[in-house]
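The values are calculated or read from the model by the stated rules, or taken from the named source; none is laboratory data. For clarity, every value in this text was computed on a predicted model and none was experimentally measured. Glycine also receives a Cβ, built like all others from the backbone with ideal geometry; neighbour counts cover every protein chain displayed. These area figures cover heavy atoms from the full protein model, side chains too; ligands, DNA and RNA do not enter into them. Shrake-Rupley method; radii C 1.70, N 1.55, O 1.52, S 1.80 Å.
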Amino acid sequence: MNLDSGGRVEVTSRRFLVIALPATLAQMTTPVLGLVATGAIGRLGDAALLGAVAVGALLFDFVFWVFGSIRMGTAGLTAQALGRGDTLELRAVLVRSLLISLAVGLGLIALHLPLSHLAFLAMGASETVHAAAALYFSVRILSAPFAIGNFAMLGWLVGIARTDIGLGLQILIAAVNAVATLLLVLHWDFGIAGAAAANVLAEAVGTLFGLGAAARLIGRNWRLPWRTVLDRARLVETVAVNGDIMIRTALIMSVLLFFTAQGARHDDVTLAANAVLYNIVMVTAFFLDGFSTAAEQICGQSIGAKDRPGFRRAVRMVMAWGFGFAAPATALLVVGGGALIDALSANEQVREVGRAFLPLAALTPLLGVAAFAYDGIYAGSTWARDMRNLMFPAVALYFLVWWLTLPLGNTGLWIAYLAFMAGRGIFLAIRLPALERRSFA
């Protein structure tokens, strides 16, 4: 990716969409993995098994997305190296991120028994759901090094504005997962263990092809001194950025875990209905997050090139495109969400409860798009400490609203979640001007 003359970064709608649209589709494949497993298990007609997939998948969302924060950190650091024209550091960022991913993944496998035991106790689900979810967790944890490595690879590709290759890898992972899930669950009757094994296979295939794609992009210049990879200042920066984003992501996932746990404490049907709605909503949320990914790359490159006008254009662009798509996404959920609920569950009680809460769930894209947009701006600028700090008041807002709406049951739970999403965007927006002045001083 080249800079304009005078060190200016190209910020046009065309370039924005060239980055955002492949990233949008790539982001959508992540909840599709959950939809495939939910749909396959849902066709068995057992609410307990569907609830187990919800609990197990959410725990992996928590574990992998906490450490998957390495994607955002890698994207920001890579884009800034690109803006500075530092090609050596561009390659070093990828190697550091992959080494960290491997270490974290192996550590999760080693510690998965105590981690899963504590997590399932906290969820408070029924004994039937607990047993099935534990089986799912014990198999799927084997994908940890591959899944986290794929996050690092995707972040690097975002940073160099090659989201088209990232899209190809995500489609490959989703396709392998879909085919393997249908075969293992519905054809060969391996049940919930088959759904987990399909995910392991898909992530491993994605890692293999991702390494091949990176080797082709780097070409003959793949040689990299280890003193550069292990440079102390760069390592400290990498760990600090990823650590702060990891804490921020852990707070988000804690909210989602609490959300699921409260559904489980109602009954298995409410748990399953919330899971179906959550997976449907995440498709639109990740669709909108594609614009956030474009902001990561362009804002990060602008920071590296010290191009303040380019940075400001990128901020305006991500907000305009984001809200332009959020309203139609909400409208589509309201109109077509009922059909999706019916497709994802054969249980009539789950369908009925899901339709009852669909109007609230459908508001998620509209109220949450600002949070996604500012996340991209902050990640690309590597304002990781502020991302972390501003998440605390957003979480406090969530629990305050939940407590105030406690008599409303599951309705209050959804209202609190919507307040959390809106609050994230508001707090990040308030802080932005001061951070911009500091970065371009």
At q = 0.15, 0.17, 0.20, 0.27 Å⁻¹, what log₁₀ I(q)/I(0) does segment 182-254 have when each alpha carbon counts as one equal point scatterer in the Debye sum? -0.89, -0.95, -0.97, -1.03
Charge tally for neighbours of Phe427 with beta carbon under 15 Å away, counting Lys, Arg as +1 and Asp, Glu as -1, is +3
Length gained when the stretch Ser254-Leu102 is fully extended (0.36 nm per residue, less Cα-Cα span): 52.3 nm
Go through 90-99, 237-246 and give me the packing order, highest mean Cβ count within 10 Å leading. 90-99, 237-246
Express in % the proportion of alpha carbon pairs of segment 183-330 at distances exceeding 25 Å. 60 percent
Sum up the charges of everything whose Cβ sits under 14 Å from the Cβ of Leu172, counting Lys and Arg as +1 and Asp and Glu as -1, but leave Leu172 out. -2
Can you run the Rg to Rh ratio on segment 279-347? Use alpha carbon positions and the Kirkwood inverse-distance Rh. 1.20
Take Ala327 and Leu408, extend 7 Å from each Cα along the Cα→Cβ direction, and tell me the distance between the two endpoints in nm. 2.4 nm
Hey, rough spin-label estimate for Val179 and Thr228, points 7 angstrom out along Cα→Cβ, what's it come to in nanometres? 3.8 nm
What helix-only [θ] at 222 nm does the chain give? Using -39500 (n - 2.57) per DSSP H run of at least 4, over all residues, to the nearest 500, the answer is -29500 deg cm²/dmol
I need the peptides 100-106, 299-305 ranked by packing, meaning the mean over residues of other C-beta atoms within 10 angstrom, with the highest value on top. 299-305, 100-106
Using only the Cα atoms of the chain, what do you get for the radius of gyration and for Dmax, in Å? 20.9, 64
Rg [Å, one decimal], Dmax [Å, integer] - segment 380-421, C-alpha atoms: 12.9, 42
Taking 8 Å as the Cα distance limit and 6 or more residues as the minimum spacing, I'd like the relative contact order of the chain as a percentage. 26 percent
Over the C-alpha atoms of segment 267-308, what are the Rg and the largest Cα-to-Cα span, Dmax, in Å? 17.6, 54
Heavy-atom accessible surface of segment 263-348: percent carbon and sulfur, 1.4 Å: 68 percent
Taking a probe of 1.4 Å and leaving out DNA, RNA and ligands, the chain shows per residue an accessible area in Å² of 40 Å²
